[in-house]
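Each remark here refers to the structure printed beneath this line.
The values are calculated or read from the model by the stated rules, or taken from the named source; none is laboratory data. These numbers come from a predicted model, not from an experiment. Neighbour counts are summed over all protein chains in view; Cβ atoms, including those assigned to glycine, are modelled from backbone coordinates with ideal geometry.
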Ligand SMILES: NC(=O)N[C@@H](CC(=O)O)C(=O)O
Ligand SMILES: [Zn+2]
Ligand SMILES: [Zn+2]
């Protein structure tokens, strides 16, 4: 049945302007946008006080399927995405087996075909993500991958990255880099600085990210290929990306919600839910990342949703795996900590979570609310306040750094291709 949204604050157009409008959707599309729509035989949804926004797009999620489905699988990860207001996600390839050829991509396709979420696939850049030999990039493209990355590992062999970028350019595959020079990271578990000294934990210096990033940008320049920087975490990194853009290097960059609202002081209780890679950096880095987001050096906010089972995190800090669960709290965290505190406008935040990732992933007729576009939409209740608890989270994993926090601005309804696929009870 057609749906008519009334009385809402609707985010429309390429500038994500907030307007009081009615929206009619039918047959999976947005068919009318007007100050007042009168239509019979439709289901009317009263949005009083709420926002209707484009479905959120997350270009960095780990669904752990196949191989680590005790942490998450395509089904549970998708449920978490929909509960978080996301209608498109890009899956990362650090699974077992990893998608370095078409087999895993076909498995993903088969397993996700009935799930009401636009799931995009990334393949490995190198075989087994081992950094020695290129994956079958052609095969991956043919199977439907839109990106290639060795996320979790940096491609240490520069010539190999060069070749990957050359092929990827010809194949129109996006290359995503996890920029961290491993000999500098050297087994560290948190950011190297004041807090690692206080806590007696081995640090990962910011230089590990900065040198890797600089090399990757130079290889992008050399090849003229597009490169996307995953989870930027340092102030210098923001400068490097800004300078590269200025020079005409075709680079885009993302930042995570956790790097925008947390810093390494959060680790002072040795809570392993705050252990993540790249690590939470200093307050200065946190501030620089927000600045970089505001001045468009950083294009996208992506969650890097990295679920781990509870027992895996219930160990000594040094032994815990890196990663945070993030899909479900991303929007309320950013709304509470940045929009409500007037550090960023809702329009700007949404641009980084809808239009910009849609452009980078070349998603057609998505990312904004526009007549004729696909009806992927999310309803946000800015007044709804909820405490983050493990019961609230639908992901298989509960390693969320915001557990215990009261957040507002929760997604309450997610619409995928015109159908209501999630409703908060
Ligand atoms: N971010 C993390 O801390 N962990 C990710 C890997 C990654 O994104 O590099 C994971 O797969 O667990
Ligand atoms: Zn990574
Ligand atoms: Zn990741």
**OP:** Please work out if residue 287 is surrounded by fewer than 21 Cβ atoms within 10 Å (Cβ to Cβ), away from ligand 3 (no atom under 16 Å from the Cβ) and either touching a residue at least 24 places away in the same chain (Cβ under 8 Å) or not in a loop (DSSP other than H, G, I, E, B) (or both).
**Re:** yes
Original post:
Can you tell which of 165, 160 is more than 25 Å from residue 363 (Cβ to Cβ), away from ligand 1 (no atom under 16 Å from the Cβ) and in contact (Cβ under 8 Å) with a residue 12 or more places away in the chain?
Top reply: 160
Subject >> Checking residue 73 against (1) under 20 Å from the mean Cα position of the chain (by Cα); (2) farther than 30 Å from residue 129 by Cα, the condition it does not meet >> reply: (2)
Original post:
Which members of region 96-111 meet the condition of being in a loop (DSSP other than H, G, I, E, B) and farther than 12 Å from residue 141 by Cα?
Top reply: 96, 97, 98
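Name the residue, out of 97, 116, 182, that is in the same structural domain as residue 330 (by TED's automatic domain parsing) and within 16 Å of ligand 2 (Cβ to nearest atom).
One residue alone meets the criteria, 182.
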**OP:** Can you tell me which residue within region 63-89, out of those that are closer than 18 Å to residue 333 by Cβ and part of a loop (DSSP other than H, G, I, E, B), is farthest from ligand 3 (Cβ to nearest atom)?
**Re:** 85
Original post:
Which residues, taken from region 294-347, are touching a residue at least 12 places away in the same chain (Cβ under 8 Å) and at positive phi?
Top reply: 304, 323
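Listed here are the residues, each with its yes/no results for (1) surrounded by fewer than 16 Cβ atoms within 10 Å (Cβ to Cβ); (2) closer than 26 Å to residue 174 by Cα; (3) over 19 Å from the mean Cα position of the chain (by Cα).
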site: 295; (1), (2), (3): yes, yes, yes
site: 305; (1), (2), (3): no, yes, no
site: 309; (1), (2), (3): no, no, yes
site: 374; (1), (2), (3): no, yes, yes
Subject >> Criterion (surrounded by fewer than 24 Cβ atoms within 10 Å (Cβ to Cβ) and either under 14 Å from the mean Cα position of the chain (by Cα) or within 16 Å of ligand 3 (Cβ to nearest atom) (or both)) met by exactly one of 94, 101 >> reply: 94
Original post:
Just for region 170-192: of the residues that are more than 14 Å from ligand 1 (Cβ to nearest atom) and surrounded by fewer than 16 Cβ atoms within 10 Å (Cβ to Cβ), which one is nearest to residue 157 (Cα to Cα)?
Top reply: 183
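State yes or no: is residue 396 assigned to a loop (DSSP other than H, G, I, E, B), within 16 Å of ligand 1 (Cβ to nearest atom) and farther than 19 Å from residue 118 by Cβ?
Yes: the conditions hold for residue 396.
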Original post:
Going by the conditions given, is residue 159 within 16 Å of ligand 2 (Cβ to nearest atom) and within 22 Å of residue 240 (Cα to Cα)?
Top reply: no
Original post:
Hey, does region 189-197 have a residue that's over 25 Å from the mean Cα position of the chain (by Cα), free of Cβ contacts under 8 Å to residues at least 24 places away in the same chain, part of a helix (DSSP H, G or I) and more than 13 Å from residue 125 (Cβ to Cβ)?
Top reply: yes
**OP:** Confirm whether residue 150 is within 23 Å of residue 214 (Cβ to Cβ) and within 16 Å of ligand 2 (Cβ to nearest atom).
**Re:** yes
Original post:
Is there a residue being surrounded by 15 or more Cβ atoms within 10 Å (Cβ to Cβ), assigned to a strand (DSSP E or B) and within 16 Å of ligand 1 (Cβ to nearest atom) anywhere in region 47-59?
Top reply: yes
Original post:
When residue 170 is evaluated against the numbered criteria (1) under 26 Å from residue 321 (Cα atoms); (2) more than 16 Å from ligand 2 (Cβ to nearest atom); (3) out of contact with any helix residue (DSSP H, G or I) (no Cβ under 7 Å at 6 or more places or on another chain), which criterion, by number, is the only one it fails?
Top reply: (1)
**OP:** Could you give me the residue pairs with C-beta distances under 6 Å whose first residue belongs to region 230-251 and is closer than 15 Å to residue 181 by Cα, whose second residue is at pLDDT 95 or above and away from ligand 2 (no atom under 16 Å from the Cβ) wherever it lies, and which are 6+ apart or on separate chains?
**Re:** 234/285
Subject >> Sole residue being in a helix (DSSP H, G or I) and buried (at least 24 other Cβ atoms within 10 Å of the Cβ), chosen from 335, 331 >> reply: 331
